[in-house]
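Data first, discussion second: the structure below is written as structure tokens.
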There are 2 protein chains.
Amino acid sequence: MRTSIATVCLSGSLTDKLQACADAGFDGVEIMDTDLTVSYESPEEIRALCQRLGLRIDLFQPFRDFEGVSEELLAENLRRAEAKFQLMNRLGAETILVCSNAGTATVDDDAVVAQQLAALADLAAGYGIRIAYEALAWGRYVNDYRHAWRLVQLADRPNLGTCLDSFHILARGHDPAEIEHIDGEKIFFLQLADAPQLDMDVLSWSRHHRLFPGEGSFDLSGFLTHVLKAGYTGPLSLEVFNDTFRQTDVTSTAAHARRSLTWLADRASAANGWSTDRLPSAQSPRSVDFVEITGSDLGAADETLDQLGFTFRGKHRTKQVRLWTLGSTRIILNEQSQQPAPHLSAIGLLVDDAGQALARGAALGAPVVFRRTYAGDHELRALGAPDGTVIYFNDAPAEDTWVTEFEGGQAAVESSHAVDHINLSYRWHEFEETVLFFHSVLGLQAQTPENVPSPQGLVRSQVMRTADATVRLPLNLAPPTAPLPPRHIAVTCTDILELARRAQERGLRFLSIPDNYYADLHARFGLDEDYLSQLKTLNLLYDRDADGEFIHFYTPTIGGLFLEMVQRTGTYDGYGAANAPVRLAAQRRQLRPLR
Amino acid sequence: MRTSIATVCLSGSLTDKLQACADAGFDGVEIMDTDLTVSYESPEEIRALCQRLGLRIDLFQPFRDFEGVSEELLAENLRRAEAKFQLMNRLGAETILVCSNAGTATVDDDAVVAQQLAALADLAAGYGIRIAYEALAWGRYVNDYRHAWRLVQLADRPNLGTCLDSFHILARGHDPAEIEHIDGEKIFFLQLADAPQLDMDVLSWSRHHRLFPGEGSFDLSGFLTHVLKAGYTGPLSLEVFNDTFRQTDVTSTAAHARRSLTWLADRASAANGWSTDRLPSAQSPRSVDFVEITGSDLGAADETLDQLGFTFRGKHRTKQVRLWTLGSTRIILNEQSQQPAPHLSAIGLLVDDAGQALARGAALGAPVVFRRTYAGDHELRALGAPDGTVIYFNDAPAEDTWVTEFEGGQAAVESSHAVDHINLSYRWHEFEETVLFFHSVLGLQAQTPENVPSPQGLVRSQVMRTADATVRLPLNLAPPTAPLPPRHIAVTCTDILELARRAQERGLRFLSIPDNYYADLHARFGLDEDYLSQLKTLNLLYDRDADGEFIHFYTPTIGGLFLEMVQRTGTYDGYGAANAPVRLAAQRRQLRPLR
């Protein structure tokens, strides 16, 4: 399937955008009129640049406020249009998007409007140009794709067709199934955008909050299916107005955009049993194979892991790397780094087929990460997430493969401890790309986001997890002016009071929780005084819902990360979000000088 | 009038917030339950700190989801409440905010709900606590202040009253006039928040987009009048949930918040002819007295001003300062600076009474700026705007006062040139505070904002101007990741073609405008080829609406600023917003290396 993207999705000058689109592997572009207007390159230069880059100019857009007007204004609008047709001939663009009139329309008469569209098409024909007429969701009289299609049929000109935009159709809640009644050859263009479900005016929603496919709430796979079943054979093109993507690095945003189309085409093909545009199947992670912490001196991490009851399993036979385990939780400490601050650098995932997982990621444009493998060492393959975190794939039991490379440590101790979740944090402009990465590459599902107050602003929290909830990644989005919150690894246990007591005996200094928190716990849950006092002594946090309880504690922060031990009872399915403000305030206090 | 503020409005720890509230001159605070919960200080310490700082704890808040529940849940809710009453006794807080139930209500029966509120009040009475019951805009059954008041009347307890929140009332479009029917003594608390008029769900609007009074669209002066006429004598308290203010510096945000209440109290008193809480009257600027450019070497500015036809009026007799004029436009070049980059550092305004203007600003918390004045020099007094730009006030003709201090230059040349507007740019988190400053101190009115696309994201543009439009300040808000756009001074002329030609002859290199812009102008306006070619040769920009035309050009950027010459015909009242993307793209190109 051919792919295209509107230049308005991206930051930079028009030539920056075109270069980035070509680098990302798009087949074509929609050139936004304003992007050309502010550009110093002539239309001929842009045409030649696109030719060199292998980009087809699939669409020139938009032409606004044309139809449903007085005779006098029609003449003026035809003059305006002709000037743009001349420009398009210089540019080598053959199709123009005409949006339904949202500003100057005064005539709500389909026969008149169709006549006016026919006149425009006849004028365009002289320049070899096709008109793709689209119903804007906020068009004055025409704001439904079915109405736009009726007008195209009424006007009945070979070079007049319709343009479908998923946003304008799905945001209004119009049934996309009727797209199948449109003659596929008359669908001149297809624009795709996702969006979060927001309850706000459709114009602001469209102009500021669109997302790339896979990042929002729209069923774009179903939408695309209807369009393809109608017989559409043109490109899949992205038109995403988003305040963030207009600012982010043009090269990485174009790659991010391209990934969304690869994912979408696969989804639609999979849903319909088509063999084209298929990706290697998503390998839903079975469990966390390991987590890697990197830094130039990880002594503090060794000490903390020991205090928590982890077993030191030894040093890697060829690398400056150590392994600690607790039940199935494996933490690798990697001191082969120039970056001094300890940070969560990699996650290993157990999958059914590591080769497929890698191939899928690579097909979705994720970089395959090189890892030096010595003779006799088990080879683990990995991908780079958008922020540089490395994601390894293993499809064999760790204890039988790479774990055997560690020497000089203690024997494994059997226990039920496992990774509960891994909390990752991101800057505000890295978020959507990360959500799409985990969703498209690993098949993780995004849960409903929450906002957590911190002393430095609201932190947005969005959990991504497998359908069976065995692998869970809460993502935290830092407010723009705040430092990145630390990441953390949460490990399950069955008797957290006992574990915490033993950790305390071994010298662990817990993240200190204020007394007021326990007064609030008492008020909220009416916990038994004795139990409450145990929680307080050990700096444990508590949450409860109808399904069960969640009891947990945090270690102090080591560089950019910390650990959390958690106990779940019943079928409690959250992450103690009510306690997150306490943690964020406590961590900030830990990091700043006392006043 | 006493002033108060909810701690949730501000960033930082609870002790940071309290210190900032005291510094800003608030009389009291509303302590947010969560702010106390995450705090390490005991309730007794917070109480003692508030006492030392002279802050009364006016309210403890919120208590949620109490009423309209089953008997069983009621018992649990009373237990929850009692724990908070005990906490309030330790804290020394006497009033608690109880919001209408938005989560657990199942009983929509006023008699039952009133009984439950009465039970709560009776329990509170034992602790000497008053209940202020408030209708949330999204309460399940109670979401109208009149309904909350009926329930308070039905329950009929001396320590049960209502809390009014401007947001919950005005966002729902409920008529605030009926507040006057409430017994003033039963209005236990008043929360004030402004907001922009947004078309979105009321919960998100409330939680993220509230503003301080004077920054949004609500008629808070009218609202406050109704409350005061009802006989309310408690504090005016701010409760503003805003994603930005939660991040900005706590001290400056508290001062900003305090200014909004001073302004509001004055407005309400003025509207009602009351003599209390009045400020010195706003001195609407008559015209721009001067603009000052500061930098360590302003030779490039001298050259540009000369090329534009400004007259060099000489050097100041005591300072490293030069004066250039064009008609009534006076530009001061100030080289007394350690900051090398030229920047727009000060604006002088002609007002009727400079002393009043200064006194009003000072009463609104704006810092009075010290300026060294030598013997015989005219004394100009000034205030600092939130971003540090200095605002001078003069109430005598410049040519008769400070202009005479400049020596060795040419004589003034009579002409009609004047300052058309001054465009100021701000970082995203400085914006609301700046809007409030210009609105409250100078009485400028905010126009409807626009979004202008730039290569680095959307720039928000908001014009502030006098009612008669003689002094106009378009404010530009930079996207978070983009550098601050340069500021500029726009000067009127009557024959811009002639002025541009002469400037070109004198060697001015205009900001270069792309040819594609002229092709677009041709398409949009069908301008005469000859005229269009003149515009193109001189890099002039053009706009037109039903009222007239706007023709303008830009100089290249000098440090952080540039100049614009403009010609208006008819009654065109805009600023050429359609041309702003061209300027922003051209300026970015000027600043970055060619690829």
Unit charges at the beta carbon, dipole of the protein assembly as shown: most positive-side option, A:ALA105, A:HIS226, B:PRO213: B:PRO213
R0 of 35 Å, Cβ-Cβ distance A:GLU45-A:GLU82: FRET efficiency to nearest 0.05: 0.95
Averaged over B:506-519, number of beta-carbon atoms from partner chains that fall within 10 Å: 3
Computed helical MRE - 222 nm, chain A, DSSP H runs ≥ 4 contributing -39500 (n - 2.57), nearest 500: -10000 deg cm²/dmol
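Across the stretch A:311-463, how large is the tail of the calculated P(r) beyond 26 Å, expressed as a percent of all Cα pairs?
34
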Sites A:ALA300 and A:GLN153, calculated FRET efficiency, Cβ-Cβ separation with R0 56 Å, nearest 0.05: 0.20
Among B:GLY560, B:PRO581, B:LEU511 - extreme Cα towards positive end, dipole of the stretch B:444-583, charges at beta-carbon: B:GLY560
Heavy atoms of B:TRP274: accessible area, 1.4 Å probe, square angstrom to 10: 80
Label-reachable residues, the stretch A:344-365, where backbone N falls under 12 Å from a point 7 Å from A:SER281's Cα toward its Cβ: A:352-353, A:356-357
Cα gyration tensor, the protein assembly as shown - rounded (a/c under 1.5), prolate or oblate: oblate
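Please report the antiparallel percentage of DSSP beta bridges with both residues in chain B, rounded to the nearest 5.
55
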Beta bridges per DSSP with both ends in the protein assembly as shown, % antiparallel, nearest 5: 55
Stretch in chain B that is longest and holds no GluC sites (Glu not before Pro) that DSSP places in a loop and that have at most 12 other beta carbons within 10 Å: B:1-378
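Can you give the local net charge around A:ASP353? Use residues other than it whose beta-carbon is closer than 13 angstrom to its beta-carbon, Lys and Arg +1, Asp and Glu -1.
Net charge around A:ASP353: +1.
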Other-copy label distances relative to B:ALA418, 7 angstrom Cα-Cβ extension, nm: 7.7
Kirkwood hydrodynamic radius of chain B, from inverse mean 1/r over distinct Cα pairs, in Å: 26.7
The stretch B:3-272 - Debye-derived log10 I(q)/I(0), Cα point model, q = 0.07, 0.08, 0.12, 0.15 Å⁻¹: -0.22, -0.29, -0.69, -1.11
Shortest-first nm distances, B:ALA396 label point to equivalent points in other copies (7 Å, Cα→Cβ): 9.3
Within-11-Å neighbourhood charge of A:ILE5 [Cβ basis; K, R +1; D, E -1]: -2
Shielding by partners, peptide A:199-205 (average Cβ within 10 angstrom, other chains): 3
Neighbourhood charge, 10 Å Cβ-Cβ cut-off, centred on B:THR225 and excluding it, Lys, Arg +1 and Asp, Glu -1: 0
Exam field: B:SER533 pseudo-label spacings to other copies (7 Å along Cα-Cβ), nanometres: 9.7
Cα-centre dipole for chain A with unit charges at Cβ (Lys and Arg positive, Asp and Glu negative), debye to 20: 1400
Lys, Arg +1 and Asp, Glu -1 on Cβ, resulting dipole of the protein assembly as shown about Cα centre, debye, nearest 20: 2720
Rough spin-label spacing in nm, given labels placed 7 Å along Cα→Cβ, for A:HIS181 and A:GLN320: 7.0
Unit charges on C-beta of K, R, D, E only; dipole of the stretch B:3-272, Debye: 480
Antiparallel bridge percentage (DSSP; both residues within the stretch A:3-272; nearest 5): 5
For the axis carrying chain B to chain A: nearest C-beta residue of B, whole Å: B:MET200, 2
Unit charges at the beta carbon, dipole of the protein assembly as shown: most positive-side option, A:GLN197, B:LEU192, A:HIS256: A:HIS256
Cα→Cβ-extended label distance, 7 Å offset, between A:THR448 and A:SER252, nm: 3.1
R0 of 22 Å, Cβ-Cβ distance B:ASP528-B:ASP495: FRET efficiency to nearest 0.05: 0.80
Rough spin-label spacing in nm, given labels placed 7 Å along Cα→Cβ, for A:ALA418 and A:ARG506: 2.2
Three-way shape call for the stretch B:411-513 based on the alpha-carbon gyration tensor, with the a/c threshold at 1.5: oblate
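The values are calculated or read from the model by the stated rules, or taken from the named source; none is laboratory data. Remember, it's a predicted structure, so these values are computed and weren't measured experimentally. Glycine gets a Cβ as well: all are built from the backbone with ideal geometry, and neighbour counts include every protein chain shown. Heads up: the accessible areas ignore ligands, DNA and RNA and are worked out on the full protein's heavy atoms, side chains in. Shrake-Rupley method; radii C 1.70, N 1.55, O 1.52, S 1.80 Å.
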